[in-house]
Every structure is written in structure tokens, then in C-alpha cells.
1. What strands (runs of 3 or more DSSP E) completely inside the stretch 367-468 contain at least 3 residues that are open to solvent by 10 Å² or more (accessible area, probe 1.4 Å), touching a Lys or Arg at 6+ places or on another chain (Cβ under 8 Å) and in contact (Cβ under 8 Å) with a residue 12 or more places away in the chain?
2. Restricting to the stretch 251-261, what's the tally of residues that are under 18 Å from residue 405 (Cα atoms) and either in a helix (DSSP H, G or I) or open to solvent by 40 Å² or more (accessible area, probe 1.4 Å) (or both)?
3. Looking only at residues in the stretch 376-411 that are among the β-branched types (Val, Ile, Thr) and more than 19 Å from the chain's Cα centre (by Cα), which one is farthest from residue 175 (Cα to Cα)?
4. Within the bounds of the stretch 223-241, is there any residue that is among the β-branched types (Val, Ile, Thr) and either open to solvent by 90 Å² or more (accessible area, probe 1.4 Å) or not in a loop (DSSP other than H, G, I, E, B) (or both)?
5. Let me spell it out: the conditions are (1) at positive phi; (2) open to solvent by 30 Å² or more (accessible area, probe 1.4 Å), and residue 211 meets all of them except one. Which number is the exception?
6. Go through the stretch 72-93 and give me each residue that's hydroxyl-bearing (Ser, Thr, Tyr), surrounded by fewer than 24 Cβ atoms within 10 Å (Cβ to Cβ) and in contact (Cβ under 8 Å) with a residue 40 or more places away in the chain.
7. Would you mention how many residues in the stretch 94-141 are polar (S, T, N, Q), open to solvent by 30 Å² or more (accessible area, probe 1.4 Å) and touching a strand residue (DSSP E or B) at 6+ places or on another chain (Cβ under 8 Å)?
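The values are calculated or read from the model by the stated rules, or taken from the named source; none is laboratory data. Keep in mind it's a predicted model, so treat the numbers as computed, not measured. Cβ coordinates were reconstructed from backbone atoms using ideal geometry, including for glycine residues, and neighbour counts include every protein chain displayed. SASA here: full protein model, heavy atoms, side chains in, ligands and nucleic acids out. Shrake-Rupley method; radii C 1.70, N 1.55, O 1.52, S 1.80 Å.
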Amino acid sequence: QVTCIEVVEAYVERIKEVNPLINAVVKDRFEEALQEARQVDKLLSEGLGDEYLEEKFPLLGVPVTVKEAFSLHGMPNTSGLVNRRNVIATSDATVVSRLKQAGAIPLGVTNCSELCMWYESSNRVYGRTNNPYDLQRIVGGSSGGEGGVLAAACSVIGVGSDIGGSIRMPAFFNGVFGHKPTTGVVPNDGQFPNAHGVRTSYLCTGPMCRYAEDLELVLRVMAGPGVSKLKLNEKVALEKIKFHCMDHDGGSIFVSPVDKEILQAQKKVVEHIESDLGVQVQRVAIHKMKYSFQIWSAMMSSKDSNGQEAQRFTDLLGDHGKPVWPLWELMKWLVGMSSHTLPAIALGLTEKLMKLNHSGNAKLVSMGKSLQEEMEALLGQDGVLLYPSHPTIAPKHHSPICMPFNFAYTAIFNVLGLPVTQCPLGLGSEGLPLGIQLVAAAYNDHLTLAVAQYLEQAFGGWVLPGKV
């Protein structure tokens, strides 16, 4: 009904209209995108047949955006680090290349937090990204530009990565869908920083979308041959799923209590599932979840099976420049002279402290392993856990620094290696998105994706900002 050039032009206009407010797209490639759209229209005019095109190019002509931490040929690849501001990608990250081969048209790259290790997307290269529902609030991080650009209807699908919730937190704060796949299914190649040592088991690349049905298609493309590890062709009978529900982590001293509205939204989901599917949602209290932050931190800094140490964040801060001394950077920051953000400096300082507590860390790592076994046993091959995506709705700018460990609600599932879909549940009383995490056992991504589609129909999914 419409040409590809019309579609791409509409998205380009939309970005030009809202990006000055939200600052999500940090570098565009509109000219190239329009050129690629013309080629798509030319291909369609050749009458090759819809079935052939759909099989060969499942994303033909679909506008996408890419987190700036991923290589997209000709685009910057700084990850918000000032010393990398002249780094231009000369190739495509594996997932970007696969999306392009499937026919997708990248519109540009989007903002992230400095070195992708904080949940507010703000840095000294591009500045701060604002939430489309309330410009005074954060988009989350580190794939925050993606969350904002999708929520503002500037893109159809986005490329995100997640080592502590970097896909799911922005998806939650911006009211869109985000999927952290089972570990090791989608390649992480071509992003900076990439994971090394033990962290290769925790970093996941995955899709972010406005519509739940797009998640599976984009996941298939991103995974390539790796998709064979998943059961995406299996039909899911929702009434046969064993649903479990946990309202909060059990009261960690490091983390905010869960907002009433988030708890209410979760309660509505439970009630809907029980009345509509005629199943019983089992309430669970998993004691070890209370130590989510400590377990994640200990497992992130542990050695891998070959005894290789995890890469130091301080070393990453010095990429393309001189070594960085976090304490000196803090002094410089206090007088406005540092080229780093406060969260990055703080992480550099606390990293050293983590290394000092060897016996405590070893205990926490073994607690993590036993939590993993407990989760796998609970979920089995047919279970889905309902769990908050975050203890609070999108906070105001800068306030995460006061509650730095709230990301534990998402982070725990990275070290457990489980697939998780963040599903929006409409807007709360302040007009800000609500949502829920859907968790399954490893390689059962098809279950969480099916439940996300089901909840989208029941609760309306993504809501255009400014519509209320």
C-alpha cells in the first residue's frame, strides 16, 4: 500500500521532529537509508514474488536503529567515551550485518551510557537522552537511546545489549518490548566494550521492539544458525504453562522497595491469567533473590574456568588514551575538569574494593550457582516466572546515583543465563510506563515471547507518548 521510500521518509521526518527533545539518535545516515529504500522499491517492482522475498529478506525495507556501542559501517562507535570520539566503524557488528542482509534499513545510531555500564544514558560525547513520556526522566541504560527512539515511534526495531539489564530497563522505562535471549544464542561480536573471560556468559545481544510479534522474527535474524538452540517453531499452549509469581526480591537493603503501582500492575496480570486461562499462578518466595546485587557483582568479577581475570573497567576507561586513575578523575570531576561521568568514575573506584573480599566473593558465586539450579528446577521446560522489571518507574535525571543498585532486579538473570522478556503494561498515574519481566528456563525463549504477545493483547502494549 505504501512504498519503502515513503516509509523511510516518514521515519526520517519523525526523528527530525522529536530528536531535538529526546536526543536519542546521536548520528544519522538518512541519505544512505533513503538510497537503500529506493533499491528496495526497485527490487519490489521486479515482481520476484512475495514468498521468495519474504524468505530471503524477512525484514525487507524495515527501518531499524542501532545502539552506538555496536559497529555500523561509517557510523561512530565511541560508547560515550571522549577518547574514542574519532572512532568510526569500518565494518558491521555480526547482528547488524544479519539485519542488513535480511533487508532492514538502519537509520542511525543511538545514545548509551559511558562504556555501557550505567542505567542512565548520558555521556560527555553526546550528552543526555530524555524519556519521551517525560523529558525530566531517564530512558534507562545502557541501551537507553534505543528505548527512547522506539517509544517515540522513530524506529520499528532496535539492537540492544544487556549484561545487567541494559535491554530490559530501557524497554521498561520507555514502555516497549525488550528480549534478553538465553546466553550464547546471539553473537556479541562487533560491540565495544565486548565481554571477556567469565562475562562472555553474561552479556547478551537482543531485540527491542514496539510490538511483541516482532521480537521473535528479529531474534531469528539476529541469532542466525544459533537459532537452532531455541524451540521457536514449537507451538505454545498458554494454558499448559506453569506460571509463578514473585512480587519483590525479599527486601534487599541495597535496593528500593517496589512501587505500589508496579505491584498493582503485576497483580492485574496474575488475575487476568488466572481468570482468562483458568490456571493457578503459583506464588513463590526465592530467598536467595534478596542477594541479587551481591551475587551479580561477585560473579561479574570472578575468574573464568581458565583462571582468566575479568577485564577491569578502569582499563576500558583508558581506551584510546592514557591510563585512568579513578581517584584523580574524581578530583577533576569535582571542579568540572573530567571527561568522564560520575557513575563511570564511581565504578572505577568500587572495582578495587570488590577485589579485596575474596572469601566473601567465593561464597556469593556458589550461592549464585545454587540459585541457578533452584530456578531451573522451579521453571523446568514449561514454567514462566512473573517478576518486576525494576523497583521504580522511570526515575528523574541524576537520581539513579542515589539508588545505584536498583538494576539488581534485571541483573540477576544475566548471571543465571535465563531468557527474559520485558513486557509493557500501559501507563501509570503519572503517565509513565509500567511493565513486567517474563522469565523462563534456558533455551525456552519461545515461552516468554508467547506470553508477551498474549499480555500485549490483554493490556495494550506500547502507548504513543503524549496520547493520554
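1. none
2. Here is the first cut: in the stretch 251-261, the residues under 18 Å from residue 405 (Cα atoms) are 251-259.
Within this subset, residues satisfying the condition of being either in a helix (DSSP H, G or I) or open to solvent by 40 Å² or more (accessible area, probe 1.4 Å) (or both) are 251, 253-254, 257, 259.
The qualifying residues number 5.
3. That would be 401.
4. Within the stretch 223-241, one or more residues are among the β-branched types (Val, Ile, Thr) and either open to solvent by 90 Å² or more (accessible area, probe 1.4 Å) or not in a loop (DSSP other than H, G, I, E, B) (or both).
5. Here residue 211 meets the rest and fails (1).
6. Residue satisfying the conditions is 91 alone.
7. First, the residues of the stretch 94-141 that are polar (S, T, N, Q): 94, 97, 101, 110-111, 113, 121-123, 129-131, 136.
Imposing the further condition that a residue be open to solvent by 30 Å² or more (accessible area, probe 1.4 Å) reduces the set to 94, 97, 101, 122, 136.
If we keep only those that are touching a strand residue (DSSP E or B) at 6+ places or on another chain (Cβ under 8 Å) too, we end up with 122, 136.
Qualifying residue count, the stretch 94-141: 2.
Here is a yes/no grid of residues against (1) open to solvent by less than 40 Å² (accessible area, probe 1.4 Å); (2) in a helix (DSSP H, G or I):
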position	(1), (2)
290	no, yes
296	yes, yes
304	yes, no
308	no, no
311	no, no
315	no, yes
322	no, no
328	no, yes
